[in-house]
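Q: Okay, handing you the structure first.
The values are calculated or read from the model by the stated rules, or taken from the named source; none is laboratory data. All values derive from a computational prediction rather than experimental measurement. All Cβ positions, even for glycine, are placed from backbone atoms using ideal geometry, and neighbour counts span all protein chains on display. Only protein heavy atoms, including side chains, enter the accessible area calculation; ligands, DNA and RNA are left aside. Shrake-Rupley method; radii C 1.70, N 1.55, O 1.52, S 1.80 Å.
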Amino acid sequence: MSKFWTIKALSSDEAEVLIYGDIGTEEGWDDVTAKGFAKELKDLGDIKNISIRINSPGGDVFVAQAIFSTLKRHSALKTVYIDGLAASSASIIAMVGNRVVMPSNSMMMVHNPWTWSVGESKDFRKLADNLDKVRESMLAVYVEKTGLETEEIIELLDAETWMTAKDALEKGFADEIEGVIEVAACASAITASSKKHFKKIPSELLAQKINKKEDKSPMEITKSMIASEHSEIYEQIKAEGVKEERERIKEIENLGVTDCSDVIERAKFETGEPAAEVAMKILKVQAKKKKEHLTNLKDDAAGLNNISTGALEGKSEDKAAMEASLKSGFEGRKK
């Protein structure tokens with residue numbers, strides 16, 4: 001399977017990340033993406049600026065969260081360009097930008113997470129709770145970027161909201177609008193299988209012309225700068241960080257999951273993931289186990305279907321011979 005991302009260095013200080021097409025929708029992409037994407041980004045070295053270009057209908061939310069977290073931890077200034085479409089989980093990745101730029105004919109779409117499952121009623125109740133936790137992690141990303149209230153973001157997700165560049169700018173999902181791009185050229189990177197992620201987009205939305213917003217790039221503030229110039233603030237932030245870390249571990253323990261101890265332990269002491277991301281990983285593991293269990297049940301049923309009637313009732317030849325023998329014995333007794 002081919003990668004849906006490309007990472008390349010443009011100079012000693014700049015790099016470009018392309019995310020085009022479906023995001024990790026093929027089986028096994030979670031692990032490949034998390035490790036491969038992080039390694040390629042690390043191999044760039046100490047760069048100061050990353051341009052992230054997105055043209056995607058979305059895909060696997062767990063893969064998108066992994067990409068978002070990996071980029072978020074990088075110290076470089078990140079500028080996101082929507083080269084056509086950032087829909088569904090692709091919009092999560094877009095929120096990593098210190099600056100998000102949308103051409104006037106590009107679009108963004110947000111909606112609630114969804115999945116499939118098999119099982120009994122208690123399994124579906126637990127699945128619903130886990131989906132709510134997944135949505136909490138998505139809400140945190142959108143609220144941090146847009147500054148909107150959580151309730152307003154929930155309304156947008158519930159409505160499966162399609163936004164033009166102007167809409168995204170007004171709601172805080174974008175920071176700048178630039179001129180029209182060639183949609184056909186960018187859309188060619190989206191595979192045919194991606195069409196299942198879309199609903200029909202009204203053509204009039206793509207026809208709107210919007211003025212370019214003034215560029216206001218944020219100033220980069222480093223940890224050492226705060227420590228040297230504002231020591232009291234630095235110590236306060238440090239103390240709050242310790243407190244938040246303790247609360248993070250406590251929230252993970254409160255998930256009460258016993259069948260994914262390896263995921264729990266790595267999150268608590270190695271990866272530093274929040275409870276919501278851990279819940280997403282657990283949900284993925286549990287869904288995979290259920291899928292394997294269903295496959296095993298189907299295989300067992302297929303084996304039963306292969307048992308012949310002869311094995312259960314005896315072969316027809318044997319049955320005929322037995323009847324002949326009984327008849328012969330009966331005739332002999334009559335004589």
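Q: When all protein chains stay in place, what accessible area (Å², nearest 10, 1.4 Å probe) is found for HIS74?
A: Estimated to the nearest 10 Å², HIS74 gives 40 Å².
Q: Set the Förster radius R0 to 56 Å, insert the Cβ-Cβ distance between GLU240 and ASN296 as r into 1/(1 + (r/R0)^6), and round the FRET efficiency to 0.05. Please list the in-between numbers first.
A: Working: r = 48 Å, r/R0 = 0.86.
My answer for the efficiency is 0.70.
Q: What figure in square angstrom, to the nearest 10, would you give for the accessible area of LYS243 with a 1.4 Å probe?
A: Counting only protein heavy atoms, the figure is 120 Å².
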